[in-house]
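Some notes on the structure that comes next.
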Amino acid sequence: MIRARSVRRDLRFIRPAVTSRGALTVKETYYIGLTDTSRPGVEGIGECALFRGLGCDDRPDYAAMVNLVCDSFNTSRELPDLTPWPSIRFGVEMALRSLQAGGNGIVWPSEWTRGVGQGIKINGLVWMDSPDRMEKSAFAKAENGFDCIKFKIGACDFNAEVRMIERLRRQYGPDRVEIRLDANGAWRDDDEAIARLRRLAPLDIHSLEQPIKARNEEMMQCVVANSPIPIALDEELIGRDPDTEATRLLDLIRPAYIILKPSLCGGFSGAERWIAEADRLGIGSWATSALESNIGLNAIAQWTARNGIPAMPQGLGTGALYRNNIESPLRLDGQYLRFDPTAATAGPFDLADSTAAK
């Protein structure tokens, strides 16, 4: 019989994380622990990575649903439908995989989790800030060996953002640094988006994510059709059921790429459904974390490497955002994320820094 328990943890940022939705100082998250009475001492851990203000399951009854899931395991009842709760599905799928694999931080065993071969190449993320500080951060990442740098833009004066990117491109050509941009839906409409994309095009931009707000499908279709820069969908996937919407949405918009955040777009199973449909249409994809703790980040990294290390740089974090994060077997080696199989993985239920979900 499977038994379940849940714990809430408030993750505290080392410095405020500035996003298009404001500055974050604390992120609430929940963990589910699953044990099997036939396998004493083995616990599978999953992170229900709630993202307030962005996730479609940002609801007042979130903790109650986490508890309902645990009660369902504890009473051997069928789990509730988690389609409207992608971050909880993400945590449940992670916990079940972890339990199956024997715990100890392994979710998807692979050569990568055995420490074999090359690490996962990741992009160097430049957070929203003043253009001067963003430029300084970008140059530091390039000098530290990152050959793919991603800027979050849209919060500052556009002309200042262009000048910042121009200075980086003058120093580092496209054969040395790949530049990705993420507008987080900041531009008003297709006319503004296309004008700005044309302004950016001479800078050899790899791709630009979410130029306009999600749920403007015909407008996004127009942007994609007329953009000189490949467009990637990100927020457009959030809150959609991939089983019923992936085919129609991707066939309509036909982006160059989709960005997979498993905790926001249907859990791991939902992300795989998005990938399958994108592959059918010749649309590229890469994985991205979404402010998860090291528990969720570890699982996403393992999921990314499960069928071999992808050649394209991924959008995975490094686990360095929080002052009270959980010990992790992930190690950053230059621009590569590696798994240390000798590292002990501490249990995430540090009750001194957590409160049970209520």
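Summary of computed values
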item: Pairs of lysines in segment 112-339 (C-alpha under 20 Å apart; 8 or more residues apart or interchain); result: 13
item: Placed amide H near C48: partners under 5 Å, 5+ positions off or other chain; result: Y30, Y31, I32
item: Relative contact order (percent, whole number), the chain, Cα cutoff 8 Å, 6+ residue spacing; result: 22
item: Rounded Å value of the spacing that divides the Cα centres of segment 75-120 and segment 163-204; result: 36
item: In Hz, Karplus ³J(HN,Hα) per residue of segment 57-67 (6.51, -1.76, 1.60; θ = phi - 60°; x = Gly, Pro); result: 9, 6, 9, x, 9, 4, 4, 4, 5, 4, 5
item: Residue with peak Gaussian network fluctuation, the chain [Cα springs, cutoff 10 Å], from V224, V69, V116; result: V116
item: Cβ-placed point charges (K, R +1; D, E -1), dipole of segment 112-339 about Cα centre in debye, nearest 20; result: 680
item: Choice from T83, T342, T288 with maximal GNM fluctuation in the chain (Cα, 10 Å cutoff); result: T342
item: Options L54, L11, C70, ranked by Cα towards positive dipole end of segment 1-91, top entry (Cβ charges); result: L11
item: Relative contact order (percent, whole number), segment 1-119, Cα cutoff 8 Å, 6+ residue spacing; result: 26
item: Positive-end residue, segment 182-272 charge dipole about Cα centroid, Cβ charges, pick of M220, L197, P255; result: L197
item: Most mobile listed residue (A95, A232, A17) in the chain, GNM with C-alpha springs under 10 Å; result: A17
item: Long-range HN-HN contacts of L24 with modeled amide H, under 5 Å; result: A17, V18, T19
item: Which labelled figure in (1) 40.8, 122; (2) 20.2, 62; (3) 19.7, 57 is Rg and Dmax of the Cα atoms in Å, once derived from the coordinates; result: (2)
item: Long-range HN-HN contacts of L125 with modeled amide H, under 5 Å; result: K150
item: Value of [θ]222 nm, deg cm²/dmol, for the chain, DSSP H segments ≥ 4, -39500 (n - 2.57) each, nearest 500; result: -10000 deg cm²/dmol
item: Residue-by-residue Karplus 3J(HN,Hα) for segment 32-43, coefficients 6.51, -1.76, 1.60, Hz, glycine and proline x; result: 10, x, 10, 10, 10, 4, 7, 10, x, x, 9, 10
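No value in this document is a laboratory result; all are computed from the given coordinates. Quantities reported herein were computed from a predicted structural model and do not represent experimental measurements. For neighbour counting, all protein chains shown are included, and Cβ atoms are generated from backbone atoms with ideal geometry for every residue, glycine included.
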